[in-house]
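Following: one structure in structure tokens, then a few remarks.
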Amino acid sequence: MQKIKKLEMQTPNKTNRHVEILKELFPHAVSESKIDFDLLRQILSESIVEGDEERYRLDWVGKKASLLKANSSINKTLRPCVNESVDFENTQNLYIEGDNFEVLKLLSESYLNKIKMIYIDPPYNTGKDFVYRDNFTQSKADFEDAIRMRDEEGNKLFKNTDSNGRFHSDWLSMMYERLLVARDLLKEDGVIFISIDDNEVHNLRKICDEVFGEGNFVGNITWEKRTKAQNTLDAKNMFQSKTEYILTYKKNINKIRFNLEVSGNKNYDLDDERGVFRYKLIEEMSALGMRGRATMIYPILGILPNENKQWKVGQDTINEFLLRNDIVRIDNKVFFKIRPEDEDIKKYYPFWSHFFNKEAYGTAETGKTELSETLDTKEHDFETVKPTTLIKKLLFHLQNNDNEIILDFFSGSATTAHAVMQLNSEDGGNRKFIMVQLPEATDEKSEAFKAGYKNICEIGKERIRRAGAKITQEIASAKPRNDEMKIASAKPRNDGNLDIGFRVLRLDTTNFKDVYYHPNNLTQKDIFDFQTNIKEERTDLDLLFQIMLDLGIELSLKITPQTVEGTKLYLLENNELIACLEDTISQAAIQEIKKLKPYQVVLKDGCFADDNDKINALQELASVTTVSVI
Ligand SMILES: C[S@@+](CC[C@H](N)C(=O)[O-])C[C@H]1O[C@@H](n2cnc3c(N)ncnc32)[C@H](O)[C@@H]1O
């Protein structure tokens, strides 16, 4: 039924509209339909803003500093590691090593509004988790407690124990600043799923309401993670936990719908050109039945035109199926072709339990076994691994994700990458993944360390390599489909296009020397000393990736090196960019670039013979494209 809209017959309330616009831009600055000016001022400021107005919101020590951090810039880059990658040239998948906050910031131009689904499984703040803290100021106790890893800028992982006076605050800041940046990456019809347990679910819900807008909350899935009985009290005399949650938010509640499951577990074991179906007999009323109801006695046109039988279904239903050509006669019996969309009830099961369907949901135990089997090790010390089935289930619910990018920035053993490849192999999809993971050291006493995995990234990458190989093998050995039988069971793809590769990128300091950012601080002597503003050990490929990040170009694009007129150029897929990173460039090469008409061109500032040369070349190029210099 069409909705009837009543005309307002008055001028619009602009205040409400303005609040709505602000809410779309900064959901975290609007609470209970009121603008949180304090927070808004902080969002728009480059220093900590004082102010303490009472209002309904979750506050903690360090919240404003987190907002500031989320908005400030960083001078870092992602350096490609070709040797550790698989099929670097052609793959569209990324594996990024580094702290996810900085990585997300770096990705925020190239992947702005481009990610369909984010799944994360962050540390749950159990009192035993290692949490990354930047610019760590070291007290004696901290020192004794920690230091498994420290990067060049003094950042390190610390164990967030509940004796930490900021136990919840530190965790909240860590999550808040990452979610703020991650939100911008989601497409308008994108969805974020966050695994969490009882330790922080209440706080996480609050900050997600703030970051994504409480109107975009979809629900909270309960996942039964253990099969073993837990019906007792734990060591602290609390209920033992057997379940955890997956908080779900849409970027925009109106922009995407979820797929639902067809109830009844019906088996559609036949298929035709319109898809899968099953036969259902159209029953006749028995001789002892209610003979005589005239409306139920009719011929079925085109099928049994001359027989006036009394059917158990009404003529309207018959006509509907006749119209769509879904009635067939076999041996004098008449059948409907019932398709999944005909089944009346579609369901969403809010309790994801192995008890109902072990195959569909999996458990923490099946997740661990899956990882052991893939890595071929008995023990891997990975307690928090999720089963691929769980991630596949999330993907099932997300409509139209076949060609989309799936991001997991707490990727651990890379279950999400495994699930994406697996699902692509099953349904022919072309989903791409981006995994982000800190190279957190494995414990020297652990089995993983003994097996040669020095950090978690090594585990994640090896898992993807092995899972990819296994899936390809499964496809090769899958039995060809028997068309005679028309069995619509799983049909593994065999088109040779399954992407099991990944480009490895590593977070590092910028490729540029300080002078690049502060040219005014240069002395005459510096100018003489500096041959180049690029760090000596950095390669063309390093530079190219930093340029792509800066210009907002996706990092999976194909790169084709090409030499024209003696000058090496890098051509990016779809003509997105031509970069020339040589120290000199000929006029002939400029003319060649001009002919190719790329969307953007990047050259080195110092590659021209003199100022005149530079002005002419830049003007020529600017007449057909956008030119930048580094
Ligand atoms: C709960 S585990 C994820 C497990 C994953 N879902 C799986 O199935 O293997 C969380 C992961 O996040 C990583 N992590 C923690 N802080 C991080 C940070 N700041 N940046 C990137 N990864 C981080 C940890 O090293 C850990 O591997």
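Of note:
- Restricting the first member to region 509-525 and to residues that are farther than 29 Å from Asp99 by Cα and at pLDDT below 80, and the second to residues that are in a helix (DSSP H, G or I) and open to solvent by less than 60 Å² (accessible area, probe 1.4 Å), the beta-carbon pairs closer than 9 Å and six or more apart or on different chains are Asn521/Val515; Leu522/Val515.
- The C-beta contact set for region 381-403 (first residue among the basic types (Lys, Arg), second residue within 11 Å of the ligand (Cβ to nearest atom) and in a helix (DSSP H, G or I), distance under 9 angstrom, 6+ apart or interchain) comprises Lys386/Ala364; Lys386/Gly367; Lys386/Thr415; Lys386/Thr416; Lys386/Ala419; Lys392/Ala419.
- Scanning region 157-195 for residues that are of a type in the set (A, V, I, L, M) and under 30 Å from Gln399 (Cα atoms) yields Met175, Leu179, Leu180, Val181, Ala182, Leu185, Leu186, Val191, Ile192, Ile194.
- Within the span defined as region 141-157, one or more residues are away from the ligand (no atom under 13 Å from the Cβ), part of a loop (DSSP other than H, G, I, E, B), at pLDDT below 90 and acidic (Asp, Glu).
- Any chance Val201 is at pLDDT 95 or above, within 16 Å of the ligand (Cβ to nearest atom) and more than 20 Å from Met435 (Cα to Cα): yes
- Matching residues, region 392-406, being farther than 15 Å from Ile194 by Cβ and in contact with a Lys or Arg (Cβ under 6 Å, 6 or more places away or on another chain): Gln399, Asn401, Glu404, Ile405
- Scanning region 396-410 for residues that are within 16 Å of the ligand (Cβ to nearest atom) and either at pLDDT below 95 or open to solvent by 10 Å² or more (accessible area, probe 1.4 Å) (or both) yields a total of 1.
- Within region 579-592, considering residues that are of a type in the set (A, V, I, L, M) and farther than 16 Å from Ile615 by Cα, the one surrounded by the fewest Cβ atoms within 10 Å (Cβ to Cβ): Leu581
- Taking the criterion of being touching a strand residue (DSSP E or B) at 6+ places or on another chain (Cβ under 8 Å), outside any helix (DSSP H, G or I) and modelled with pLDDT under 90, the only residue of region 582-622 that qualifies is Ser586.
- Test: residue in region 436-453 that is part of a strand (DSSP E or B) and touching a Cys at 6+ places or on another chain (Cβ under 9 Å): yes
- Per-region count, region 81-125, residues open to solvent by 10 Å² or more (accessible area, probe 1.4 Å), under 15 Å from the mean Cα position of the chain (by Cα) and away from the ligand (no atom under 16 Å from the Cβ): 4
- Here Phe433 does not qualify as more than 25 Å from Glu474 (Cα to Cα), within 16 Å of the ligand (Cβ to nearest atom) and among the aromatic types (Phe, Trp, Tyr).
- Qualifying residue in region 216-236 (condition: under 27 Å from Lys64 (Cβ atoms) and in contact (Cβ under 8 Å) with a residue 12 or more places away in the chain): yes
- Single match in Glu426, Glu383, Glu404 (criterion: in the same structural domain as Asp129 (by TED's automatic domain parsing) and more than 20 Å from the chain's Cα centre (by Cα)): Glu383
- Qualifying position, being touching a residue at least 12 places away in the same chain (Cβ under 8 Å), outside the structural domain of Phe409 (by TED's automatic domain parsing) and of a type outside the set (A, V, I, L, M), among Lys206, Lys187, Lys266, Lys250: Lys266
- Region 31-49 residues that are in a loop (DSSP other than H, G, I, E, B), paired with ones that are among the aromatic types (Phe, Trp, Tyr) and surrounded by fewer than 11 Cβ atoms within 10 Å (Cβ to Cβ) (beta carbon under 7 Å, 6 or more apart): Glu32/Tyr56
- Leading residue by the ranking (modelled with the highest pLDDT) among those in region 313-339 that are surrounded by 14 or more Cβ atoms within 10 Å (Cβ to Cβ) and among the basic types (Lys, Arg): Lys337
- Output for region 565-580, where each listed residue is modelled with pLDDT of 95 or more and assigned to a loop (DSSP other than H, G, I, E, B): Glu576, Leu577
- Taken over region 368-379, the criterion of being open to solvent by 10 Å² or more (accessible area, probe 1.4 Å) and near the ligand (Cβ under 10 Å from one of its atoms) is satisfied by Lys368, Glu370.
The values are calculated or read from the model by the stated rules, or taken from the named source; none is laboratory data. On a predicted model such as this, the values are computed, not experimentally measured, just so you know. Because the Cβ atoms are built from the backbone with ideal geometry, glycine has one as well, and the counts that use them run over all protein chains shown. Just so you know, the surface numbers come from the protein's heavy atoms only, side chains and all, with ligands and any DNA or RNA stripped out. Shrake-Rupley method; radii C 1.70, N 1.55, O 1.52, S 1.80 Å.
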